[in-house]
Amino acid sequence: LRVVEHDAFGSLLQYFTGSKQHNIALRERGHRQGLKLSEYGITDLRSGRLEKFATEEDFYHRLGLQLVPPELREGQQEVERAEQDNIPELVRLSDIKGDLHVHTDWSDGQDSLEAMAMAAREMGYQYISVADHSAGRGIAHGLTEERVREQISEIRRLNEGLGDIRILSGTEVDIRADGSLDFPEELLKELDVVIAGVHSAMGQEQEKMTQRVIQAMQNPYVDIVAHPTCRLLGEREPVSLDLEAIFQAAAQTGTVLEINAMPDRLDLKDIHIFRARELGVKLAIGTDAHSAQHLSYIRFGVGIARRGWCEAQHILNTLPL
């Protein structure tokens with residue numbers, strides 16, 4: 001536990017936040033300016049005078065730099081960008097207008113459609129998109145075509161009385177091993193948002209798995225690909241995918257790729273988000289919520305998006321309804 005005076009707290013916070021590489025870059029910059037950096041402040045090497053900084057922003061400004069957000073302190077050109085006052089305005093939690101991936105008790109979720117909508121309204125959202133599983137997901141109580149149409153009717157009924165929150169009808173449709181989808185196109189086109197995801201045959205070789213996902217993206221009714229690498233942290237390795245090919249295909253087809261905010265997924269991860277964004281791929285942050293409580297996980301998705309240098313304009317669900 002390190003304790004300093006209030007007027008040195010900015011220096012302390014900066015010194016112990018971010019990567020080693022970032023702090024080395026800062027120290028080297030300071031040294032060229034005749035300065036020594038520490039958790040107590042910045043010392044002028046000629047006079048020996050210590051300047052203290054109550055905020056991180058003041059600390060960075062003393063070095064001639066724009067404030068570098070903690071998520072970008074990775075030694076990846078952020079110091080050079082800060083010198084040019086070229087650090088982007090990263091996406092914030094307050095920018096999110098809705099959640100595009102939630103489950104209900106119609107499949108494997110715990111709460112009702114109405115309960116999920118009410119919880120989303122309390123968060124200030126304009127919309128949520130219901131993405132209950134397709135029938136191919138037997139373990140997830142997936143919906144048949146008939147049940148999906150029943151759910152669409154129930155959503156329409158609820159929307160008539162909800163007022164300032166809209167439920168979007170959707171599905172998380174399984175991408176089968178051969179790249180086909182669990183539901184026919186005539187059903188998919190009735191939905192507001194179609195999310196497609198791999199949930200089976202995860203051991204396929206890279207070429208086959210990559211083509212499988214690209215084939216799903218080429219379907220005109222698929223809007224979003226969920227948790228693209230299928231990883232579960234500490235439990236399951238990512239599937240074998242040529243992500244560069246996936247990103248190129250997503251950019252060409254206009255398919256949105258998900259940043260899944262579940263703490264055990266965080267998929268896409270930061271370096272993948274960075275590259276997808278560079279290639280002009282639109283991204284969406286979804287919690288994959290299976291209960292109303294899970295909606296708060298959106299903050300993890302926003303955090304990972306920030307690590308990938310995303311601004312609000314890169315994230316689909318910063319848009320209004």
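A few comments on the model shown:
- For region 165-197, filtering for residues that are under 17 Å from residue 289 (Cβ atoms) and either under 20 Å from the mean Cα position of the chain (by Cα) or in a strand (DSSP E or B) (or both) leaves 9.
- The set of residues in region 48-69 being outside any loop (DSSP other than H, G, I, E, B) and more than 25 Å from residue 306 (Cα to Cα) consists of 50, 51.
- Single residue of region 75-96 satisfying the filter (in a loop (DSSP other than H, G, I, E, B), modelled with pLDDT of 95 or more and surrounded by fewer than 18 Cβ atoms within 10 Å (Cβ to Cβ)) that is nearest to the chain's Cα centre (by Cα): 92
- Scanning region 280-315 for residues that are open to solvent by 50 Å² or more (accessible area, probe 1.4 Å) and of a type in the set (A, V, I, L, M, F, W, C) turns up just one, 300.
- For region 27-45, the criterion of being farther than 30 Å from residue 127 by Cβ, open to solvent by 70 Å² or more (accessible area, probe 1.4 Å), in contact with a helix residue (DSSP H, G or I) (Cβ under 8 Å, 6 or more places away or on another chain) and not in a loop (DSSP other than H, G, I, E, B) is met by at least one residue.
- Region 115-145: number of residues that are open to solvent by less than 60 Å² (accessible area, probe 1.4 Å) and under 17 Å from residue 194 (Cα atoms): 13
- Applying the criterion of at least 3 residues that are under 16 Å from the mean Cα position of the chain (by Cα) and among the aliphatic types (A, V, I, L, M) to the helices (runs of 4 or more DSSP H) found wholly in region 207-321 leaves 270-278, 298-307.
- Filter pass, residue 148 being touching an Asp or Glu at 6+ places or on another chain (Cβ under 6 Å) and either crowded, with 17+ Cβ neighbours inside 10 Å or assigned to a loop (DSSP other than H, G, I, E, B) (or both): no
- When the residues of region 97-114 are filtered to those that are assigned to a loop (DSSP other than H, G, I, E, B) and not charged (D, E, K, R), the one that is most open to solvent (accessible area, probe 1.4 Å) is 110.
The values are calculated or read from the model by the stated rules, or taken from the named source; none is laboratory data. Remember, it's a predicted structure, so these values are computed and weren't measured experimentally. Backbone-built Cβ (ideal geometry, glycine too); neighbour counts: all protein chains shown. In case anyone asks, the SASA skips ligands and DNA or RNA and just uses the protein heavy atoms, side chains included. Shrake-Rupley method; radii C 1.70, N 1.55, O 1.52, S 1.80 Å.
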